[in-house]
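For reference, the structure discussed in these notes is given below.
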């Protein structure tokens, strides 16, 4: 996507987070990383500020699909959103 040529606004988020839980990956332990990621966020918005909890894991590995090891990460976050381009 070309940001400078867009007729509609492009949204940019800048923020920080703290990892509450993350899988310790050691590729020798048999864990894998599938490119298809499952994500869920629970958040509140206050103007341009968004804050909440985010979780990422793998769709096709681990519970409830199978018992394979999978990469997963849960974090709390706060973001600031602004727009560029558009009318």
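Quick check on the stretch 10-84: of the DSSP beta bridges with both residues there, what percent are antiparallel, nearest 5%?
On the way: 30 of 31 bridges.
Bridges in the stretch 10-84 are about 95 percent antiparallel.
Write down, largest first, the equivalent ellipsoid semi-axes of the stretch 10-84 in whole Å, where each equals the square root of 5 times an eigenvalue of the alpha-carbon gyration tensor.
29, 12, 11
The numbers here are math on the coordinates, done by the rules we state, and not lab data. Values in this document were obtained by computation on a predicted structure and should not be read as measured data.
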